[in-house]
Amino acid sequence: MSSDRMDLDIEVCRRDNKYILIAHHYGVVVRASDLQAGIEELERRAAIIASDFEEAGVPLHARGAPNTRTEMRLLDRVAPSLVIVITVGTVLASVILLATAPIVNALAGVRTGISELVRTEGNSSPTIAALGRSGIDFVVKLSQTLDQVTPERKEELRTALRKIAREVESIVEDVRSPPPPPSPSPGRPNDASK
């Protein structure tokens, strides 16, 4: 063996009490029972290949083929999925923002009108008119938004409103019915017996 040793990147595996040594850069694979003997054989074969390339005047590639299992970066493997997730998330967020913006804007107008009404108690008639306009604007914008809602979402809205109406109706019925008369306590003496 020559005194000038080669710099090699070697992958070593052990199977069935034998070593498998791989030099990807040179395309050399060696099987050996002894690790030191396997390394020497791998260096010998790699030197022959390097010499053959040099004699032919063909440069040896600067880097061997990457081992896709170990050298592929995590970002390279996740990037396509990450792009899809970010794109879908952006589209959904935009749709939600565009669908709720008119409602939020109308609610902000109603809130502004209410806060102005609370601030000016003495001269409240112009503020009440502004509050009414804000309420009307809210209803108009809500109806415009509902035109863009899918039939499935409209059915969900109908179901939710029916539930709310049933609950409100039961509360109204409780308020309308007269309270039951108080029952006399059994422990109190009767006034007529005095």
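Go through (1) more than 18 Å from the chain's Cα centre (by Cα); (2) within 30 Å of His25 (Cβ to Cβ); (3) modelled with pLDDT of 75 or more and name the single condition Pro80 misses. The number of the failed condition is (1). Against the list (1) surrounded by 11 or more Cβ atoms within 10 Å (Cβ to Cβ); (2) at pLDDT below 85, the condition Ile49 fails is (2). Out of segment 141-153, which residues are assigned to a helix (DSSP H, G or I) and touching a residue at least 12 places away in the same chain (Cβ under 8 Å)? Result: Lys141, Leu142, Gln144, Thr145. Just give me the residues in segment 8-32 being of a type outside the set (A, V, I, L, M, F, W, C), part of a loop (DSSP other than H, G, I, E, B) and open to solvent by less than 80 Å² (accessible area, probe 1.4 Å), in sequence order. Answer for segment 8-32, where residues must be of a type outside the set (A, V, I, L, M, F, W, C), part of a loop (DSSP other than H, G, I, E, B) and open to solvent by less than 80 Å² (accessible area, probe 1.4 Å): His25, Tyr26, Gly27.
Ser193: modelled with pLDDT under 65, open to solvent by 70 Å² or more (accessible area, probe 1.4 Å) and of a type in the set (Ser, Thr, Tyr), yes or no? Yes; evaluated as a whole, the condition is true for this residue. Does segment 17-38 hold any residues that are of a type outside the set (Ser, Thr, Tyr) and more than 24 Å from Pro59 (Cα to Cα), and which are they? Residues satisfying the conditions are Asn17, Lys18, Ile20, Arg31, Ala32, Asp34, Leu35, Gln36, Ala37, Gly38. Taking residues in segment 95-106 that are in contact (Cβ under 8 Å) with a residue 12 or more places away in the chain and closer than 11 Å to Gln144 by Cβ, and partners anywhere that are among the charged types (D, E, K, R) and open to solvent by 50 Å² or more (accessible area, probe 1.4 Å), the pairs with Cβ atoms closer than 9 Å and at least 6 places apart or on different chains are Pro102/Lys141; Ile103/Lys141; Ala106/Asp137; Ala106/Lys141. Considering segment 7-19, and only residues there that are of a type in the set (A, V, I, L, M, F, W, C) and within 44 Å of the chain's Cα centre (by Cα), the residue that is modelled with the lowest pLDDT turns out to be Ile10. If I ask for residues that are assigned to a helix (DSSP H, G or I) and modelled with pLDDT under 75, which ones from segment 52-77 would you list? Scanning segment 52-77 gives Thr68, Arg69, Thr70, Glu71, Leu74, Leu75, Asp76, Arg77.
The values are calculated or read from the model by the stated rules, or taken from the named source; none is laboratory data. Only a predicted model underlies this, so the values are computations on that prediction, with no experimental measurement involved. For neighbour counting, all protein chains shown are included, and Cβ atoms are generated from backbone atoms with ideal geometry for every residue, glycine included. All accessible areas refer to the heavy atoms of the entire protein, side chains included, with ligands and DNA or RNA removed. Shrake-Rupley method; radii C 1.70, N 1.55, O 1.52, S 1.80 Å.
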